[in-house]
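Comments concern the structure below.
Bear in mind that the values in this text are calculations on the coordinates, not laboratory data. Quantities reported herein were computed from a predicted structural model and do not represent experimental measurements. When we count neighbours, we look across all protein chains shown, and the Cβ atoms used for this are built from the backbone with ideal geometry, even at glycine.
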Amino acid sequence: MVTIDGPAGAGKSTVAKRLARALGYRLLDTGAIYRAVALAARRADVAWTDGPALAGVAAALPIEFAFVGEVNHVHLGDEDVSAAIRTPEISSGASQVSAHPEVRTALLALQRRLAAGGGVVVEGRDTGTVVFPDAGAKFFLTASPAERARRRTAELTAAGRPADEAAVLAEIHERDGRDAGRAVAPMVPAEDAVHVDSTGKTLDQVVAELEAVVRARS
Ligand code: DC
C-alpha cells in the first residue's frame with residue numbers, strides 16, 4: 001500500500017495514476033469519494049452543513065471506480081459522475097462536507113473496503129495518517145502555491161474551462177486554510193512520510209522519485 005497526501009494542485013492525481021500503472025497497483029482517489037458525497041447530498045437535498053444527514057449519505061454511497069487507460073472513472077450507481085464531481089461548485093461542497101467528523105468516520109470503512117487486499121496507490125489528505133497508518137510507503141507531495149495555481153489553470157483551460165490564474169490562486173489559499181485548519185483530520189504529513197516538492201520538476205521526475213522509494217522498500 002502506497003499513500004500520497006498533500007494539498008490540491010500538487011500533482012497527486014496525475015502522479016498517483018502514473019505510479020499505480022508503473023507498479024501494477026490499483027488506484028484509490030479518496031478526494032473523489034468526498035466529491036461524490038457532496039454530489040449525492042446535493043441531489044438528495046441534504047445540506048452540506050448537516051453532518052449527521054451527510055454521514056447517512058456517505059454510509060450508503062454506491063460508489064465504484066474503473067481505472068481505464070489514463071482515466072479513473074467514478075460511478076455512482078449506474079451513472080458515470082467523473083465530470084459532474086469536478087465542477088467548482090462540487091469542489092467547494094467536497095471541502096465543506098469533508099470537515100464533518102461524522103462524514104470522515106462514515107467514510108473510513110468504505111475507504112478500507114475499497115483498498116482491501118493491498119497493492120493500491122491511495123491519494124488524499126489523511127490517507128497516511130488516519131485511514132492507512134500502516135501503509136508501506138507514504139508520501140507528502142507539495143508544490144508552491146504559485147506553481148499549483150499555474151498547473152490548475154492550465155488543466156482547466158485544457159478542459160475547455162478557461163480560468164483566471166489569480167482567482168485560482170485565491171481559491172487554493174482558501175481551500176488550503178480550510179483543509180489544514182479543520183479540527184478533524186487536518187491535512188498534516190504522517191511522521192514517517194517522505195516529503196516530495198514537485199515545484200520545478202517534471203512529472204516523470206516525480207514519478208521516478210516515488211517509484212524508487214517504493215521499490216527500495218518492497
Ligand atoms: O483531492 P480533491 O480536490 O479531489 O479533494 C476534494 C476535497 O476532499 C478537498 O477539499 C479535500 C477533501 N479530502 C479530504 O478531506 N480527505 C481526503 N482524504 C481527500 C480529500
* To do: About the Cα centre of the range 1-75, how large is the charge dipole given +1 on each Lys and Arg Cβ and -1 on each Asp and Glu Cβ? Please answer in debye to the nearest 20.
  => 260 debye
* Structure fact -> Sorting Val207, Ala190, Ala167 by the position of each Cα along the dipole of the range 164-218 (Lys, Arg +1; Asp, Glu -1; all at Cβ), the one nearest the positive end of that ordering is Ala190
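With a ≥ b ≥ c the root eigenvalues of the C-alpha gyration tensor of the chain, is it rounded (a/c under 1.5), prolate (a/b larger than b/c) or oblate?
On the way: a/c = 1.43, a/b = 1.16, b/c = 1.23.
Rounded, since a/c falls under 1.5.
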* To do: Using the number of other C-beta atoms within 10 angstrom as an exposure proxy, rank Arg104, Arg161, Arg113 with the fewest first.
  => Arg113, Arg161, Arg104
* Which residue, Gln96, Gln111, Gln205, tops the fluctuation ranking in a GNM of the chain built on C-alpha contacts under 10 Å? -> Gln205
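Work out the P(r) tail for the range 85-179: percent of alpha carbon pairs separated by more than 21 Å, whole number.
Values: 2045 of 4465 pairs.
For the range 85-179, the share of Cα pairs beyond 21 Å comes to 46 percent.
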* Could you work out how far the C-alpha centroid of the range 149-216 sits from that of the range 115-141, in angstrom? => 16 Å
* Efficiency of FRET between His195 and Arg43 - r from beta-carbon atoms, R0 41 angstrom, step 0.05 -> 0.60
* Structure fact -> What the 5 Å binned alpha carbon P(r) of the range 1-76 shows, as percent of pairs per bin from 0, is 3, 14, 24, 19, 17, 14, 7, 3, 0
* Asked: Suppose every K and R has +1 on its Cβ and every D and E has -1 on its Cβ; what is the size of the dipole of the chain about the Cα centre, in Debye to the nearest 20?
  -> 280 debye
* Please find the FRET efficiency linking Asp164 to Arg215, where r is the Cβ-Cβ separation and R0 is fixed at 45 Å, and quote it to the nearest 0.05. => 0.65
* Asked: Label Thr202 and His75 with points 7 Å out from Cα along Cα→Cβ: what is the distance between them in nm?
  -> 3.7 nm
* Asked: For the pair Ala109 and Ala60, how long in nm is the line joining their label points, each one 7 Å along Cα→Cβ?
  -> 1.4 nm
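For the range 33-140, what does the alpha-carbon gyration tensor say about shape, rounded, prolate or oblate, given a ≥ b ≥ c as the root eigenvalues, a/c under 1.5 as rounded, and a/b over b/c as prolate?
On the way: a/c = 1.75, a/b = 1.26, b/c = 1.39.
It comes out oblate by the Cα gyration axes.
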